[in-house]
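Working notes, structure below.
The values are calculated or read from the model by the stated rules, or taken from the named source; none is laboratory data. Computed from a prediction, not measured in an experiment: that's the story for all the values here. Here the Cβ is made from the backbone with ideal geometry for all residues, glycine too, and neighbour counts use every protein chain on show.
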Amino acid sequence: MRFDIVTIFPEAFESYFNISILKRAQKKGLLKIYFHNLRDWTKDKHQTVDDRPFGGGAGMIFKVEPIFKAVKELKKAKKSRVILFSPRGKLLDQKRVRSLSRYKQIILLCPRYEGVDERVARYIADETISIGNYVLSGGELPAMVLVDAVSRLIPKVIKERSLKEESFSFPDFPCEYPQYTRPAIFYPYPKNKRKAWRVPKILLSGNHKEIEQWKKKQEGL
């Protein structure tokens, strides 16, 4: 799997993609993540990527020309997908994430300011995606979310058992059961032992059959 992220702030991604699971997956060659500065596809000395909207309006919007050039140059795989981020897009869910994990390359377009020329959505992007019904400063955070979610489904990135037990992995169990660890009894107020926070007794019983039944009852609540 190859991710190509087109942005005017490539430095925004470096720290997140160089830690934990994503760092290990890249080292193993399971996925490749590239950041591209949209300004590299401009032709004027100021590297202009935006302009005023026709008909007036607040703010600036990304021009279609540099985005077209970027996608044309970056598209390497036959089985690729170009994604634009916008609050107007379809909401990203686990079903869509699973579908995207089957592609060989995903190109992510991260707008800023007031968005992009509509011709990007109409003629260049294969789809427009939103990560929630709210407005962000740009597409960088949605790109991180999508890369993280899709990468987890790439074989060998994380343990198969972990995938099976995760929330939203199965339509019948949209939420994972609650989990606890040591200590079994926690005293947030040491002087008042009656206000202890306790782990459910069933999890301490050692009865694996009953524990599994308890977990199944908790899922989806």
Any pair with Cβ under 6 angstrom, 6 or more apart, that starts in the stretch 69-83 at a residue that is over 18 Å from residue 101 (Cβ atoms) and in contact (Cβ under 8 Å) with a residue 60 or more places away in the chain and ends at one that is of a type in the set (Phe, Trp, Tyr) and assigned to a helix (DSSP H, G or I): 70/41
If you scan the stretch 152-199, which residues turn out to be modelled with pLDDT of 80 or more and touching a Phe, Trp or Tyr at 6+ places or on another chain (Cβ under 7 Å)? 186, 188, 193, 195, 196, 197, 199
Tell me, which residue of the stretch 71-128 that is within 24 Å of residue 52 (Cα to Cα), β-branched (Val, Ile, Thr) and at pLDDT 95 or above is nearest to the chain's Cα centre (by Cα)? 83
